[in-house]
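Peer 1: Below are the structure tokens for one structure; questions will follow.
The values are calculated or read from the model by the stated rules, or taken from the named source; none is laboratory data. Owing to the predicted nature of the structure, the values given are computational and were not obtained by experimental measurement. All Cβ positions, glycine included, derive from the backbone under ideal geometry; neighbour counts span all protein chains shown. When the accessible area is computed, the model is the full protein with side chains, heavy atoms only, and any ligands, DNA or RNA have been set aside. Shrake-Rupley method; radii C 1.70, N 1.55, O 1.52, S 1.80 Å.
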Amino acid sequence: MNLVFDAVLCLLLLAGALGVVATGAARPAVIAFIGYGLLLGLAWVRLAAVDVALTEIAIGSGISGVVLLRCVRALSATPKSPVPNRALRPLAAVVSIAIAVALGAAVLALPEPAPTRASDVAAALPATDLGNPVTGVLLVFRALDTLLEKVVLLLSLVGVWALSRDPACRGRPDPLSVEPAPAPSAFLARVLAPVGVLVGLYLLWAGADHPGGAFQSGAVLAAMGLLLVMGDQISIPATQSRGLRLMLLAGPFGFLAVGFAGWATAGVFLGYPPGAEKAVIIAVEVAITLSIAVTLGLIVLGPPAGEERS
């Protein structure tokens, strides 16, 4: 039964990928892309990579889908939308197939058993008191990479804000819609947002011992914030708000502060104080979640319009 399910899922993934690239209109292509991301998340679940599945659904399908839909709307409002060169499609197909074949050949060429450091992680994980090996890898064994990822995410928002008409990046982003939110959207925002916030907080708290963590939690909380904005339940924040900018910096700079404190408490940069590793890691995850949620939401909303001055 599992083999049949997996075979059907593979066929649906291929059909979804073809649907994305073969659809001529932009909006249907984006909708197909969102559906493909959901299928891909299910595939990661079948591979027992639940953390990756949560990230794929929240970021690869959810947040990215909303950004692409906004791009489609912006392009449709321009007098002449760019038309892709149809002659490049066969070349793109050939390149994509070549990359897929190369990746498949690389995977099949791996020795048996494949090289892995999973046993080393499993042996060292009890010292952190963490039950989720993914969190252990991200916050302990490759903490510097995780810190830099948060910095890159913040720089992505800086790039979006650089498109603002105001050099000081002040004001509020343009509204997602010029029309008032319809009654169903407002109702869904009021009903779903509290549940989504609870789910996001659960993913944060459970991430230390079960699938979840800061990125998945931050993405869900960002989605709930956008849902409230689209339902006219909250207003878009002003980007010059000191509190908003402190929330953006809380994750990267909080993580960096813990890293420098590691020299005093553990004798190494990004080390954790012995006996309090889990508590400090959870505190770092809370700060990171806050920054991720605010950063992702602001990236989707776009650059500030610059009409407000303080």
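Peer 1: Would you be able to say whether some residue in the stretch 74-88 is at pLDDT 80 or above, in contact with a helix residue (DSSP H, G or I) (Cβ under 9 Å, 6 or more places away or on another chain) and surrounded by 10 or more Cβ atoms within 10 Å (Cβ to Cβ)?
Peer 2: So far as the stretch 74-88 goes, no, none of its residues is at pLDDT 80 or above, in contact with a helix residue (DSSP H, G or I) (Cβ under 9 Å, 6 or more places away or on another chain) and surrounded by 10 or more Cβ atoms within 10 Å (Cβ to Cβ).
Peer 1: So which residues in the stretch 265-284 are in a loop (DSSP other than H, G, I, E, B) and closer than 17 Å to L130 by Cα, if there are any at all?
Peer 2: Hits for the stretch 265-284 are L270, G271, Y272, P273, P274, G275, A276.
Peer 1: Same structure again: Which members of the stretch 124-163 meet the condition of being under 25 Å from L298 (Cα atoms) and of a type outside the set (A, V, I, L, M, F, W, C)?
Peer 2: D145, T146, E149, K150, S156, G159
Peer 1: What are the residues in the stretch 13-68 that are of a type outside the set (G, A, S), open to solvent by less than 40 Å² (accessible area, probe 1.4 Å) and farther than 26 Å from L153 by Cβ, if any?
Peer 2: L13
Peer 1: Give me a count of the residues in the stretch 129-153 that are crowded, with 18+ Cβ neighbours inside 10 Å and either in contact (Cβ under 8 Å) with a residue 40 or more places away in the chain or of a type in the set (F, W, Y) (or both). Before you say what the answer is, go through the steps one by one.
Peer 2: Applying the first criterion (crowded, with 18+ Cβ neighbours inside 10 Å) to the stretch 129-153 yields 130, 132, 134-140, 143, 146-147, 150, 153.
Okay, now just the ones that are also either in contact (Cβ under 8 Å) with a residue 40 or more places away in the chain or of a type in the set (F, W, Y) (or both), so 130, 132, 134-135, 138-140, 143, 146-147, 150, 153.
Of the residues in that region, 12 qualify.
Peer 1: Shifting gears a bit: Residue check: is D174 of a type in the set (D, E, K, R), in contact with a Gly (Cβ under 8 Å, 6 or more places away or on another chain) and closer than 27 Å to A74 by Cα?
Peer 2: Criteria met by D174.
Peer 1: Okay, moving on. Can you confirm whether the stretch 154-168 contains a residue that is assigned to a loop (DSSP other than H, G, I, E, B), of a type outside the set (S, T, Y), surrounded by 15 or more Cβ atoms within 10 Å (Cβ to Cβ) and free of Cβ contacts under 8 Å to residues at least 60 places away in the same chain?
Peer 2: Checked the stretch 154-168: no residue is assigned to a loop (DSSP other than H, G, I, E, B), of a type outside the set (S, T, Y), surrounded by 15 or more Cβ atoms within 10 Å (Cβ to Cβ) and free of Cβ contacts under 8 Å to residues at least 60 places away in the same chain.
Peer 1: Just to be sure, is P273 open to solvent by 30 Å² or more (accessible area, probe 1.4 Å) and in contact with a strand residue (DSSP E or B) (Cβ under 7 Å, 6 or more places away or on another chain)?
Peer 2: No.
Peer 1: Among (1) in contact (Cβ under 8 Å) with a residue 40 or more places away in the chain; (2) within 23 Å of L188 (Cα to Cα); (3) in contact with a helix residue (DSSP H, G or I) (Cβ under 7 Å, 6 or more places away or on another chain); (4) open to solvent by 10 Å² or more (accessible area, probe 1.4 Å), where does L298 come up short?
Peer 2: That leaves (4) as the condition not met.
Peer 1: Anything in the stretch 109-128 that is under 22 Å from I281 (Cα atoms), among the hydrophobic types (A, V, I, L, M, F, W, C) and either in contact (Cβ under 8 Å) with a residue 60 or more places away in the chain or open to solvent by 70 Å² or more (accessible area, probe 1.4 Å) (or both)? List them, or say none.
Peer 2: Those that are under 22 Å from I281 (Cα atoms), among the hydrophobic types (A, V, I, L, M, F, W, C) and either in contact (Cβ under 8 Å) with a residue 60 or more places away in the chain or open to solvent by 70 Å² or more (accessible area, probe 1.4 Å) (or both): A123, A127.
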